[in-house]
Every structure is written in C-alpha cells, then in structure tokens.
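Notes for the one structure printed next.
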Amino acid sequence: MKGRVKAVLVSAIIAAVFVQQRAHGQTAETSPFRVLVPGAGIIGCDARGDAAAYRSHLQKRLNRPVSLCGVESSTAAAAALGAGKAEMVLLDPIGFAAVEDRGRAILAGRVSAETGRVLTVAVVLKSAGKDTLAKLTGAAPIVAGDKPASKDVPLRALADAGAPVASFRPVLVMNDDNAAFAALRTGRGNLLVLTAGARQRVCLPLDPKSNPCADLAEVWRGRPTAPFAFVVPKNMPIGDRHQLIGIHIALHFEAPAAMAFITRAMPPAVALDPTEAGALLIRQP
Amino acid sequence: MILLVALLFAGCDNPKEKSDLKGWRKEVGQVRIGANTGEENPTALARLNAYQAYIERSTGLPVKVFEAADYNGIIQALASGQLELATMGPAAYANARAQMGTKVAPILSPRTAEGVSGYYSALVVRADSPYRKLEDLRGKTVGYVDFNSASGYVYPRWALKQQGFDPDRFFGKTAISGGHTQGVLALDNGQFEAVFMVASGGTPQTGFTTSAMHVLAERGIIKIKDFRIIWSAGPIPNSPYVIRTDRPQAFQDTLRGAIAALAYDDPATWVDIGLGEGSDMKPMQPEDYGDIVAIRNAEVSSRRNRTGSGSSRP
C-alpha cells in the first residue's frame, strides 16, 4: 500500500512538472516525427550509414525523436501519409496523385548548383493568336542560351505542362535574351521558351511610358514537374513546414552525409530547394 | 538614427511578455528585421515591409522592419542585439563579422533563375563626357557609395589595385555619395565625373539590366542612354540575409525556410519586394563570403596605415 501511494505521488509530481513545463513551452516534442522514404535501402525502420546521419541530423534540429523508415513504394508512402501514419514522405508524381487533396510538396531536388526547377514562360507574338498550349502544334521554338537552365529545363517544363513538343520543329538556340526576342520578332521562330527572369529583364520598362513587350503574349508559365519531392500533410502549420525547409535546404553543407542519403533517395539531387504545393502534379494541357 | 528611433519606439510594447508564446517563440519574443539600401535594388527598401505579414504568419511572432539610412546603422543594431535578421551588402556583412565574430552568419542570398548569385561593381560616366576607359579618369573626381559598400567601395578599390591602379593616387578627388542612387544623381548633376555603383542582372559581356540607373530610369528621373559604363569588376557574392546565431536554432531554421519558401508560397509578394521573377534564395554560409571578408580586412588595414591613426572607422 505504502509503495502504491509513493508511486501515485511520484506520478503526480511528474505530471505536475510536465504540465508546468508544457505551459512554459520548455519541453521538446516527444512523439516521433515519422518520415517514410521508398527505395533508399532502408529495411523497416533500421536506418544505417547515411540514412542514420540524416535521421540524427533531423532529430537534433527538430529537437524531437525522428523515425525514418523504408517503404516498398511511393504509393505505399502516400497511403501512409493519407492515413495519418507519417508526417513527411518522399513521393513521385504517381504516388502524389493519390494524396494530392491531403498533401503538399515542400522540397525537391536540385540537379546542379546552377539548375533548379526553373520558372519558365512561353511567349508568342500577339498577332499569332496562339493563346493556349494546344495551339502550339508545329511551333518553332527559340531559346536564350544552351545551358540547361535556359534550354533543357524550360523545354521540359513545357512538355510536362502538356505542350505538343513532339510536333515542334528543331530548337533555335540564340546567345542571349535580347537575341532570342529579336529572333521571335523577325520570324526565325514563333515560340520563345525562356526563364521568367529573362522575360522580366527584357520586358522591363526603362521609362514609365514604355512597354517593350506590348507586341508579345505569354501563353503559359510554370515549372517542370518534380520527379520526387518530400510531401507533408496540407494542414501542417506553416511554421513547421518552413522549419523543415530551413533545415533541408542547407543540408548539403551542414550535413553532407545526410545529403548523401537524400541523393540516393531522389537521384541526382545535389541539394534541396523549396517547392510550390503542386510540384508533383502531372498537368493536363 | 532613424533605426535607433524606431527601435526605441518598438521597445515600448515589449512583445516578450505575451503569455501565449511558448518554447523558442517565448525566448525570441519578436522578429526585428533591419534593412537599408540594398546592393542590387535600392528601391526594395520601402517595400521590405511586405515581408511582415508573411514572416509573422510563419514564425507566430510579431515582426518589425527597421530601416537605416546607411549600412552602419544596421550593423550596430545587429551587433547590439536589437535585430534578429538583416539584409546587407557583402562588405557590410564583412564589417559585422569583424565586430561580432560567429554571432552573425549569412543564411541566404538571392539567385537568378539561371543559377547566378553574384553581381558587379560598375564605374559609370555621363554619355556626353569624353571618358571612354579607366585611364581617361586619371586625376578626375570620382564618387564612392559607402565605406561598407562592396560594389561601391571595397571591391572596386581591391580590383583596381589588382590591375595596377592605386585608387588613392589615380583619381584626383574622391568622396562618398551615401548611396547608389544618390551617386548616379550626383553624376547627373555634375558633382562627379564618374561614380561607382552596383550592376546586376547580367554580366559585362551581356550588359546589365538591374542597377541604380535602371531604377531611376523606371521612375522617369534619368535616361539610361545618358550614361555609359566604362569599367566593371566582379562577380561579388550577392547580398546576404544575415542572422544572429545566438537565437534558438529552431527560430533560425524557420526564418531561413520562410524566406526561402516565399518565391514558391507567394510569388507576387516576392516580386513586389524587388526580387526577380523566377529567382530564388541560395542557402549561404560564412565560407561563401571568405574572399570579401579578406578584401575588406585588407582595405581597412590599408586605410589605417595611410592615416596612421589606428582609427576603428570601417
């Protein structure tokens, strides 16, 4: 009896201290932050090597336990997220399709220091009357430079958006932004595919009365679909989502071993970038 | 002074006493962001307030944005713990690092859609002047921006020395204009025969699309064709967002994530605060600014040797 009283008292003290600490926000979250990653060689929840480095880094920065588990497929990871059994999962577009009403992408891989998921615009002459992607069949595209960020990624973004790229004529590669705009205006091609930044630079009015691009129309703008992305529940508090982003975008220099795990999980990522919510959406034209 | 007045005023409502804050939020209490004339876009200053609602929503803390008339005001406020975050030029960061050591660190800097995260120092003359190359400015009156400006003082002086020109002897007379736009206006008014200024959105080969000249031209105050760039140096790593590292790690991570996510969460606000369409934030670390720190330290040592006063003026 004496032992039971003592146990009750100890429990009460622990509970009181816990309540007091919670009231002052001094306790770390004790429930695990559950991460599911398909295809990175984790068996069950036994994270080893670089996977353990990632789990350890995330645990330290979130100041709460982290469980990092392997899962057989993106679809299975999506199902777990949908069922509330994970806080963050790595998905591909097919897996995301199953949970797009409940989840949102937050981080995707960057393929090189220079090249991310470039915000792309498709521009035509207003007089051409091509105001939808579907009307671009047989278009002659022009790009402003041959680097991936100026050519390959914008063209892929257009293809991901459902533009009829298979019907396009060979791509005309110009040396710079201004030359690409000039090529459109002189009819050397009829579709300008370039970064939003390039469009802004060329179309920026140099005095309040001018509009250097009054003769042009933007048919489409967007980013290529991410091949993989970390996805969290849509109702995750914005601050929690931003904390995860803040931790992960610096992973490649703050915790290179952890980044090595991410590279294996979503090749060929060399770093992570924030994403828009629908980064994994497969778009229809 | 503006900054100090604003901070004093801010001290009256002591947000740290808000009982509904918990954990690191209670510890931090509020987010105080300092900004002055940016290296890349001087007009971004007034519009930086657009960050407030977004950062408040992310951090759950009241946010105040403070402006200072020059770089030094921001550095002093950061060093004295009156700011959590600040935007400043790389040379101003180098100054802050010299004063604060590891208590300050860069966390982010803008990067273009093409992955470029650097800018240039340009030497500008009036188009109707006879000056076509650097050598033509021997003995002439030239304007710098600010002792803490990378593109308007520290970097071009270093680059000139690398090319065999001693800026203290080569030019006839030099003065501080106080800002990039002020420098261009002073050039336009005939106060200087050339001024140093920031130039970005391109390279010396492609030409530049963002500068104090472009900002003034957009407002209809000057015409771009009335000026000519005759010399440039760079690239210089873009202006960083710097944070006090003695704030809780969770706060630092959340703030870094919030600013980096803005380009994706709210592209309209991103552009409205003066950042380029399709650009984003590159995560930064102190090593990324190692060169500019070394250049700035060498410049300070050189100035002390010249004056022989041992002055601590930056």
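The values are calculated or read from the model by the stated rules, or taken from the named source; none is laboratory data. Owing to the predicted nature of the structure, the values given are computational and were not obtained by experimental measurement. Note that each Cβ is placed from the backbone with ideal geometry, even for glycine, and that neighbours are counted across all protein chains shown.
Residue under question is A:Glu276, and the condition is that it be touching a residue at least 40 places away in the same chain (Cβ under 8 Å), farther than 18 Å from A:Ser74 by Cβ and in contact with a strand residue (DSSP E or B) (Cβ under 8 Å, 6 or more places away or on another chain); does it hold? Before you say what the answer is, go through the steps one by one.
Numbers: touching a residue at least 40 places away in the same chain (Cβ under 8 Å): yes; farther than 18 Å from A:Ser74 by Cβ: yes; in contact with a strand residue (DSSP E or B) (Cβ under 8 Å, 6 or more places away or on another chain): yes.
It is true that A:Glu276 is touching a residue at least 40 places away in the same chain (Cβ under 8 Å), farther than 18 Å from A:Ser74 by Cβ and in contact with a strand residue (DSSP E or B) (Cβ under 8 Å, 6 or more places away or on another chain).
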Checklist (1) surrounded by 24 or more Cβ atoms within 10 Å (Cβ to Cβ); (2) assigned to a helix (DSSP H, G or I) applied to B:Thr181, failing item:
(1)
Exactly one of (1) within 18 Å of B:Asp280 (Cβ to Cβ); (2) part of a strand (DSSP E or B); (3) of a type in the set (A, V, I, L, M, F, W, C) is unmet by A:Leu244. Its number?
(2)
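A:Pro164: surrounded by fewer than 23 Cβ atoms within 10 Å (Cβ to Cβ) and within 13 Å of another protein chain (Cβ to nearest Cβ), yes or no?
On the way: surrounded by fewer than 23 Cβ atoms within 10 Å (Cβ to Cβ): yes; within 13 Å of another protein chain (Cβ to nearest Cβ): no.
For A:Pro164, the condition - surrounded by fewer than 23 Cβ atoms within 10 Å (Cβ to Cβ) and within 13 Å of another protein chain (Cβ to nearest Cβ) - is not met.
Looking at the range B:293-302, is at least one residue more than 8 Å from chain A (Cβ to nearest Cβ), farther than 23 Å from B:Leu123 by Cβ and free of Cβ contacts under 8 Å to residues at least 24 places away in the same chain? Steps first, please.
Residues of the range B:293-302 more than 8 Å from chain A (Cβ to nearest Cβ): B:293-302.
Okay, now just the ones that are also farther than 23 Å from B:Leu123 by Cβ, so B:293, B:297, B:301.
Narrowing further to those that are free of Cβ contacts under 8 Å to residues at least 24 places away in the same chain: B:301.
Among the residues of the range B:293-302, at least one is more than 8 Å from chain A (Cβ to nearest Cβ), farther than 23 Å from B:Leu123 by Cβ and free of Cβ contacts under 8 Å to residues at least 24 places away in the same chain, which makes the answer yes.
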Quick check, is A:Thr132 under 19 Å from A:Gly222 (Cβ atoms), among the polar types (S, T, N, Q) and surrounded by 15 or more Cβ atoms within 10 Å (Cβ to Cβ)?
no
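Confirm whether B:Val300 is under 16 Å from the mean Cα position of the chain (by Cα) and of a type in the set (Val, Ile, Thr). Full working, then the answer.
Numbers: under 16 Å from the mean Cα position of the chain (by Cα): no; of a type in the set (Val, Ile, Thr): yes.
Answer is no for this residue.
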Sole exception among (1) aliphatic (A, V, I, L, M); (2) in contact (Cβ under 8 Å) with a residue 60 or more places away in the chain; (3) part of a helix (DSSP H, G or I) for A:Ala217, by number:
(3)
Considering the range A:200-221 alone, what residues qualify as being facing chain B (nearest Cβ under 8 Å) and not aliphatic (A, V, I, L, M)?
A:Gln200, A:Arg201, A:Pro205, A:Asp207, A:Pro208, A:Lys209
Any chance the range B:143-152 includes a residue that's touching a helix residue (DSSP H, G or I) at 6+ places or on another chain (Cβ under 7 Å), hydroxyl-bearing (Ser, Thr, Tyr) and within 17 Å of B:Ser200 (Cα to Cα)?
yes
How about the range B:223-240: which of its residues are touching a helix residue (DSSP H, G or I) at 6+ places or on another chain (Cβ under 8 Å), within 11 Å of another protein chain (Cβ to nearest Cβ) and charged (D, E, K, R)?
B:Lys223
Scan the range B:265-302 for residues that are small (Gly, Ala, Ser) and part of a helix (DSSP H, G or I) and report the count.
6
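Looking only at the range B:109-131, decide whether some residue is under 12 Å from B:Arg244 (Cα atoms) and not assigned by TED's automatic domain parsing to the domain that holds B:Ser211. If you could, list the steps in order and put the result at the bottom.
So the first thing to find is which residues in the range B:109-131 are under 12 Å from B:Arg244 (Cα atoms), and the list is none.
Checked against the condition, which is being under 12 Å from B:Arg244 (Cα atoms) and not assigned by TED's automatic domain parsing to the domain that holds B:Ser211, the range B:109-131 yields no hits at all.
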Of all residues in the range A:238-252 being free of Cβ contacts under 8 Å to residues at least 40 places away in the same chain and in contact with a helix residue (DSSP H, G or I) (Cβ under 8 Å, 6 or more places away or on another chain), which is farthest from the other protein chains (Cβ to nearest Cβ)?
A:His252
Determine if the range B:90-101 includes at least one residue that is surrounded by 19 or more Cβ atoms within 10 Å (Cβ to Cβ), not in a helix (DSSP H, G or I) and not charged (D, E, K, R).
no
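Each row is one residue, and each column tells you yes or no for (1) outside any strand (DSSP E or B); (2) within 14 Å of another protein chain (Cβ to nearest Cβ).
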position: B:Gly190; (1), (2): yes, no
position: B:Ala217; (1), (2): yes, yes
position: B:Ile221; (1), (2): yes, yes
position: B:Val242; (1), (2): no, no
position: B:Phe251; (1), (2): yes, yes
Please work out if A:Glu100 is surrounded by 17 or more Cβ atoms within 10 Å (Cβ to Cβ) and closer than 17 Å to A:Pro38 by Cα.
no
B:Met213 vs. criteria hydrophobic (A, V, I, L, M, F, W, C), within 12 Å of another protein chain (Cβ to nearest Cβ) and crowded, with 23+ Cβ neighbours inside 10 Å:
yes
If we keep just the residues of the range A:23-73 that are modelled with pLDDT under 95 and crowded, with 21+ Cβ neighbours inside 10 Å, which is farthest from A:Gly95 (Cα to Cα)?
A:Ala47
Could you look through the range B:195-210, keep only residues that are surrounded by fewer than 24 Cβ atoms within 10 Å (Cβ to Cβ) and more than 9 Å from every other protein chain (Cβ to nearest Cβ), and pick out the one that is nearest to B:Gln182 (Cα to Cα)?
B:Phe208
Any idea which of A:Leu91, A:Leu155 is closer than 30 Å to A:Ala271 by Cα and outside the structural domain of A:Pro212 (by TED's automatic domain parsing)?
A:Leu91
Considering the range B:287-306 alone, what residues qualify as being within 22 Å of B:Ser200 (Cα to Cα) and buried (at least 16 other Cβ atoms within 10 Å of the Cβ)?
B:Asp288, B:Tyr289, B:Ile292, B:Val293, B:Ile295, B:Arg296
Unique residue being closer than 30 Å to A:Ala250 by Cβ, touching a strand residue (DSSP E or B) at 6+ places or on another chain (Cβ under 6 Å) and either among the polar types (S, T, N, Q) or within 14 Å of chain B (Cβ to nearest Cβ) (or both) when the list is A:Ala180, A:Ala157, A:Ala122
A:Ala157
